[in-house]
Structure formats: C-alpha cells, structure tokens
Amino acid sequence: CGAHIGLFTVVASRLVGADGRVFSFEPTPATREVLEKVVALNDCRNVEVRPEAVSRTTGTAVFFDTGGECSNANSLVKLNRHQDGGLTVPTVSIDEFARSRKLEINCIKIDVEGAEFDLLVGAENTIRNNRPAVYLGLHPNAISHSDASLSDIWECLRDYNLRVKYHGEFVEKDWFVRQDDLFDVECLPEEAINDERRTLN
C-alpha cells in the first residue's frame with residue numbers, strides 16, 4: 001500500500017513465487033506508470049498494479065501531490081509541501097478488496113504518508129481473520145495533520161493483538177508515541193510470537 005515505483009513490489013514478487021500474488025497500490029498516475037514498467041521489466045507476472053489509495057472505506061477521496069517527479073510523499077493527508085487542490089482518486093479498504101476477491105492475505109506493507117490509521121481501520125477483519133504480518137512505515141508529522149495520532153495507531157495495533165518490533169526488538173507504547181521522525185516497524189501476530197517461543201523452549 002503506497003507501492004511507489006515498485007522496489008518492495010519486486011522483492012515481494014520473488015518471495016511469494018509462482019503460487020502467490022502481490023497487489024501493489026499506487027494512486028499517483030505518473031508514478032504508477034513507472035511502477036508498471038518496473039513490474040514488466042522484472043517479469044513480475046504475479047503482480048497486479050492497482051490505482052486506488054488504500055483507506056478506511058471504498059469510494060473516492062482527494063489525493064495530494066507534491067508536484068515532484070515520482071515523489072514518494074504524495075498522500076491523502078494535506079501538508080504544506082503539497083500543491084493546492086488535489087486529484088480525485090478511487091479508494092478501497094483492504095477488507096473490501098480482500099472480501100470481493102476471496103483473498104487470504106499473509107503480509108501487508110504500508111507506506112501511506114500519514115493515512116496509516118484509516119488504512120488499519122479498514123483492514124480490521126483481514127488482520128483479525130488472516131493474521132498477516134504488517135510492515136508499517138509511520139510518518140509522525142503527517143499523522144499529526146490527520147484525524148489520528150500515534151497513540152491511536154498503537155491502540156489499534158494492540159487491539160488487533162499485534163506486537164510491534166523496531167530493529168528486531170519489541171517496543172512499548174511510551175517509546176512508540178514519542179517518535180517525531182519517520183520510522184518503520186514490524187507488527188506481528190501475538191500468537192505467532194508465542195508459538196515461536198514455545199518452539200525455542
């Protein structure tokens with residue numbers, strides 16, 4: 001979610017192999033064209049490039065562009081760096097997308113420049129039922145301009161029984177909510193961690 005030009009898409013395509021599928025969402029038209037070329041050049045036949053912005057609901061929304069070529073900072077959340085106005089794009093929730101295609105999701109990569117909370121809310125059923133690993137890029141400044149906070153995101157992750165790792169170490173809420181610069185975390189199902197601990201014991 002927020003595939004940009006496809007660096008993670010290509011890696012994911014290789015990892016899931018011929019029997020897996022990767023859905024790469026990129027709402028910015030010019031960036032999506034580059035993504036499609038990267039997918040084709042790397043012969044990623046198990047990848048489907050999608051034009052939606054992934055959010056809480058399925059519908060449409062205004063998407064804001066910095067104006068830079070292949071910018072990685074375009075977002076559903078308006079910041080000073082974005083141009084005035086915006087582009088109306090289709091939106092989709094992960095739950096609706098997965099339900100409509102009868103998909104079982106085992107990994108979600110999220111880099112949506114401040115719209116993280118709405119995306120997670122729209123993925124509730126998928127996360128609760130499929131128990132995927134979630135790789136989450138967090139943008140504290142952009143989040144502060146949305147209707148959510150890092151605390152809201154933390155509570156959402158914990159409500160889904162996901163544990164949060166940063167650089168291989170589990171973190172707690174007090175650390176998580178104090179971050180003020182871009183950071184990436186792994187969010188892993190609690191039961192998978194417990195199973196691993198039992199195996200090690």
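The values are calculated or read from the model by the stated rules, or taken from the named source; none is laboratory data. Quick caveat, the model's predicted, so the values are computed rather than measured. All Cβ positions, even for glycine, are placed from backbone atoms using ideal geometry, and neighbour counts span all protein chains on display. Accessible surface areas use protein heavy atoms only, side chains included; no ligands, DNA or RNA. Shrake-Rupley method; radii C 1.70, N 1.55, O 1.52, S 1.80 Å.
Debye calculation, C-alpha points only, no solvent: report log10 I(q)/I(0) for the stretch 1-114 at q = 0.13, 0.20, 0.23 Å⁻¹, in the same order as the q values.
-0.48, -1.08, -1.34
Give me the Debye-computed log₁₀ of I(q)/I(0) at q = 0.21 Å⁻¹ for the stretch 111-185, equal point scatterers on Cα only, no solvent, two decimals.
So the normalised log intensities work out to -0.93.
Using the Cα atoms of the chain to build a convex hull, what is its mean projected area in square nanometres?
The orientation-averaged projected area of the Cα hull of the chain comes to 11.6 nm².
Quantify, in whole percent, the carbon and sulfur part of the accessible surface of the stretch 1-70 (1.4 Å probe; protein heavy atoms only).
The C+S portion of the solvent-accessible surface of the stretch 1-70 is 56 percent.
Relative contact order for the stretch 51-184: what is it in percent, counting Cα pairs under 8 Å that are at least 6 residues apart?
Over the stretch 51-184, the number comes to 23 percent.
Express in nm, to one decimal, how much length is gained between residue 104 and residue 182 on full extension, taking 0.36 nm for each residue of separation and deducting their alpha carbon distance.
Result: 25.1 nm gained on full extension.
Under 14 Å Cα-Cα from residue 165, which aspartates and glutamates qualify once same-chain neighbours fewer than 8 residues away are excluded?
Output for residue 165: 174, 184, 186, 190.
Give the cross-link partners of residue 37 among the aspartates and glutamates, using a straight C-alpha distance below 20 Å as the criterion and excluding same-chain residues fewer than 8 apart.
26, 48, 52, 69
What is the percent carbon and sulfur in the accessible area of the stretch 93-201, measuring with a 1.4 Å probe over the protein chains and ignoring ligands?
42
Taking a probe of 1.4 Å, how large is the accessible area per residue of the chain, in Å²?
54
What percent do you get for the relative contact order of the stretch 1-87 when only Cα pairs under 8 Å and 6+ apart count?
RCO, the stretch 1-87: 28 percent.
For the stretch 47-199, with the dipole built from +1 on Lys and Arg beta-carbon atoms and -1 on Asp and Glu ones, taken about the Cα centre, which of 133, 49, 100 lies farthest toward the positive end?
100
List the lysines whose Cα lies under 25 Å from the Cα of residue 78, skipping any in the same chain that are fewer than 8 positions away.
Of all the lysines, those that pass the test against residue 78 - Cα under 25 Å, at least 8 places apart if same chain - are 109.
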